[in-house]
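Chemist: Before we start, here is the structure in question, set down as structure tokens.
The values are calculated or read from the model by the stated rules, or taken from the named source; none is laboratory data. Treat the numbers as computed from the prediction; the structure is a model and nothing was measured. Here Cβ is always computed from backbone atoms with ideal geometry, including for glycine, and neighbour counts include all displayed protein chains. Side chains are part of the model used for accessible areas, which takes the heavy atoms of the whole protein and leaves out ligands, DNA and RNA. Shrake-Rupley method; radii C 1.70, N 1.55, O 1.52, S 1.80 Å.
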Amino acid sequence: MAFFPKSSAVQNTCFITFLAFLLLLFLILLNFPALHTRSFQQAGSLSTSIQLPEKSALDNDHEPESVFHSPDVFELNYKEMIKRFKVYIYPDGDPNTFFQTPRKLTGKYASEGYFFQNIRESFFHTHDPKEADMFFIPLSCHKMRGKGTSYEKMALIVRGYVEMLIQKYPFWNRTLGADHFFVTCHDVGVRATENVTFLVKNSIRVVCSPSYNVGFIPHKDVALPQILQPFALPRGGDDIENRTILGFWAGHRNSRIRVVLARLWENDTVLSISNNRISRATGQLVYQKQFYRSKFCVCPGGSQVNSARIADSIHYACVPVILSDYYDLPFSDILDWRKFSIILREEDVGNLKTVLQEVTDEQYKALHCNLRRVQRHFEWHTPPIKYDAFHMVMYELWLRHHTVKYR
């Protein structure tokens with residue numbers, strides 16, 4: 001009698017193994033075309049490996065969601081965020097010193113200033129910490145910089161302020177700060193907070209210089225786009241026929257990649273590369289107008305991985321060419337940058353002209369069309385408007401709040 005159950009068990013095991021084998025075979029066959037395509041791309045030229053948009057991207061001009069990784073998921077999550085997401089702003093700190101409000105909404109720190117103002121203007125702001133999903137630590141390194149405070153003193157001020165919040169309120173200790181965030185732009189805020197280990201390790205840093213080889217943690221921290229507003233000229237539009245310059249860059253040589261870029265290409269007759277910013281003496285807004293005339297705008301990293309030139313390129317509808325290793329691009333969890341920009345490794349700068357020349361007219365039209373679709377995501381407004389830079393940053397925070405469990 002004991003023989004039959006054993007035989008039955010063996011038969012069941014064999015049957016399950018057979019089904020598992022069929023399932024594995026099905027998955028291999030299903031993914032074979034993708035594997036084959038990927039292998040072909042890796043074996044092809046450099047311009048093939050950057051995955052330029054195909055013709056289908058051009059045909060879907062009526063679908064604004066095509067620049068998103070997962071348009072349906074984004075739309076559902078965005079609507080849910082608008083309904084539910086709440087942020088509590090700590091009220092502590094003297095606004096006349098280093099807290100609550102940055103100095104201004106212009107210049108290279110504009111993104112920090114706009115966020116501080118937008119969060120208070122928005123419906124995300126709650127005065128009841130019990131209904132908050134996240135907590136905003138409103139320290140402004142921009143103000144510290146404006147008052148000439150040393151980096152060492154900045155770190156002491158930041159540490160003292162956060163320790164005071166921890167002692168005064170119960171919220172940090174519930175998650176060790178995982179549901180807390182602070183916002184700072186340019187390298188000043190990074191240097192002012194990098195020695196406050198418990199803040200950097202536990203809370204979410206929303207920063208303009210998100211280099212993941214020096215402490216930035218992708219999927220925990222958030223890349224803040226550096227946007228110099230107000231823009232000097234209106235948005236670029238459907239103006240491809242006016243773009244007769246293949247590639248453009250003019251700027252200071254304050255990084256290795258910029259030095260190499262200028263040395264290799266500043267005398268080229270096809271690319272417009274200059275190792276200095278265009279002088280205002282040559283005419284009014286000559287630098288900005290050059291964006292309108294160029295197909296591609298080269299965006300090398302400067303003193304940090306980020307560059308305001310990326311947002312300028314997007315605004316003026318000049319397809320950005322990203323030349324900055326270790327840069328976690330803004331909104332990369334949401335937007336597919338390969339559909340509206342070209343991303344190259346710094347070591348490939350010697351192939352820059354070849355890569356750009358290999359982009360077909362059809363591929364460029366697709367890149368340019370998609371670039372115009374994302375322009376609204378790289379603009380600040382006060383009060384904020386739907387899908388602007390503020391809402392995109394809030395969406396990044398919304399994605400991260402789901403990993404926090406404290407109730």
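Chemist: First check a/c for the range 303-351, with a ≥ b ≥ c the square roots of the eigenvalues of its C-alpha gyration tensor; if it is under 1.5, answer rounded, and if not, answer prolate when a/b is larger than b/c or oblate otherwise.
Modeler: rounded
Chemist: Quick check: net charge around ASN242, other residues with Cβ under 12 Å of its Cβ, Lys/Arg +1 and Asp/Glu -1?
Modeler: Within the 12 Å Cβ shell, the charges total +1.
Chemist: LYS339: which lysines have alpha carbons under 29 Å from its alpha carbon, excluding same-chain residues fewer than 8 sequence positions away?
Modeler: Filter leaves LYS55, LYS79, LYS108, LYS220, LYS289, LYS295, LYS353, LYS365, LYS386.
Chemist: In whole angstrom, how long is each semi-axis of the equivalent ellipsoid of the range 194-265, when you take the square root of 5 times every eigenvalue of its Cα gyration tensor and sort them from largest down?
Modeler: 34, 20, 11
Chemist: Another question, then. Can you list the HN-Hα couplings for the range 295-310, worked out from phi with the Karplus curve (6.51, -1.76, 1.60; θ = phi - 60°), rounded to whole Hz and with x for Gly and Pro?
Modeler: 6, 10, 10, 6, 10, x, x, x, 5, 10, 5, 7, 7, 5, 4, 5
Chemist: Please label the shape of the range 152-308 as rounded, prolate or oblate, based on the square roots a ≥ b ≥ c of the eigenvalues of the alpha-carbon gyration tensor (a/c under 1.5 means rounded; beyond that, a/b larger than b/c means prolate, else oblate).
Modeler: Here the range 152-308 falls in the prolate category.
Chemist: Also: Could you pull out every one of the lysines with an alpha carbon less than 19 Å from that of LYS130, ignoring same-chain neighbours closer than 8 positions?
Modeler: LYS83, LYS86, LYS168, LYS405
Chemist: Before I look further, what does the range 78-140 give for accessible area per residue, probe 1.4 Å, in whole square angstrom?
Modeler: For the range 78-140, the per-residue accessible area is 42 Å².
Chemist: Starting at the first residue of the range 253-258, write each ³J(HN,Hα) from the Karplus equation 6.51 cos²θ - 1.76 cosθ + 1.60 with θ = phi - 60°, in whole Hz, x for Gly and Pro.
Modeler: With the stated coefficients, the range 253-258 comes to 8, 9, 7, 4, 5, 6 Hz.
Chemist: Give the calculated FRET efficiency between ILE217 and HIS402 to the nearest 0.05, with a Förster radius of 22 Å applied to their Cβ-Cβ distance.
Modeler: So, using R0 = 22 Å, E works out to roughly 0.85.
Chemist: With a/c under 1.5 counting as rounded, go ahead and sort the range 76-137 into rounded, prolate or oblate using the C-alpha gyration tensor (a ≥ b ≥ c being the square roots of the eigenvalues; past the cut-off, prolate if a/b is larger than b/c, else oblate).
Modeler: Verdict is oblate for the range 76-137.
Chemist: Calculate what fraction, in whole %, of the accessible area of the range 105-175 sits on carbon and sulfur atoms when a 1.4 Å probe is rolled over the protein chains.
Modeler: Roughly 51 percent of what the probe reaches on the range 105-175 is carbon or sulfur.
Chemist: Using a Förster radius of 25 Å, what is the FRET efficiency between GLU80 and ASN202 based on their Cβ-Cβ separation? Nearest 0.05, please.
Modeler: Rounded to the nearest 0.05, the efficiency is 0.45.
Chemist: In addition: Leaving ligands and nucleic acids out of the surface, order LYS201, LYS130, LYS365 by accessible area at 1.4 Å, largest first.
Modeler: LYS130, LYS201, LYS365
Chemist: Still on this structure: Short version: ³J(HN,Hα) in whole Hz for each residue of the range 232-242, in order, from phi by Karplus 6.51 cos²θ - 1.76 cosθ + 1.60 (θ = phi - 60°), x for Gly and Pro, what are they?
Modeler: For the range 232-242, the Karplus curve yields 6, 9, x, 4, x, x, 7, 9, 4, 5, 8 Hz.
Chemist: Here is a follow-up. How large, in percent, is the carbon and sulfur part of the accessible surface of the range 178-255 at a probe radius of 1.4 Å?
Modeler: 52 percent
Chemist: Once amide H atoms are placed 1.01 Å from N in the peptide plane, what residues at a sequence separation of 5 or more from TYR316, or on another chain, have their amide H within under 5 Å of its amide H?
Modeler: Result for TYR316 returns GLY236.
Chemist: Using only the Cα atoms, work out Rg/Rh for the range 212-253, with Rh taken as the Kirkwood radius, to two decimals.
Modeler: 1.12
Chemist: Once amide H atoms are placed 1.01 Å from N in the peptide plane, what residues at a sequence separation of 5 or more from ILE334, or on another chain, have their amide H within under 5 Å of its amide H?
Modeler: The list, which skips near neighbours in sequence, is empty: none.
Chemist: When ligands, DNA and RNA are left out and all protein chains stay put, how many square angstrom of accessible area per residue does the range 215-367 have with a 1.4 Å probe?
Modeler: Ligands and nucleic acids excluded, the figure is 42 Å² per residue.
Chemist: For ASP328, enumerate residues with amide H under 5 Å from its amide H, sequence gap 5+ or separate chain, H modeled in the peptide plane.
Modeler: Sorted by chain and number, the residues that satisfy this are TYR212.
Chemist: How far is it, in nm, from the label point at ASP238 to the one at ASP268 when both lie 7 Å from their Cα along the line to the Cβ?
Modeler: Each label point lies 7 Å from its Cα, and together they span 3.1 nm.
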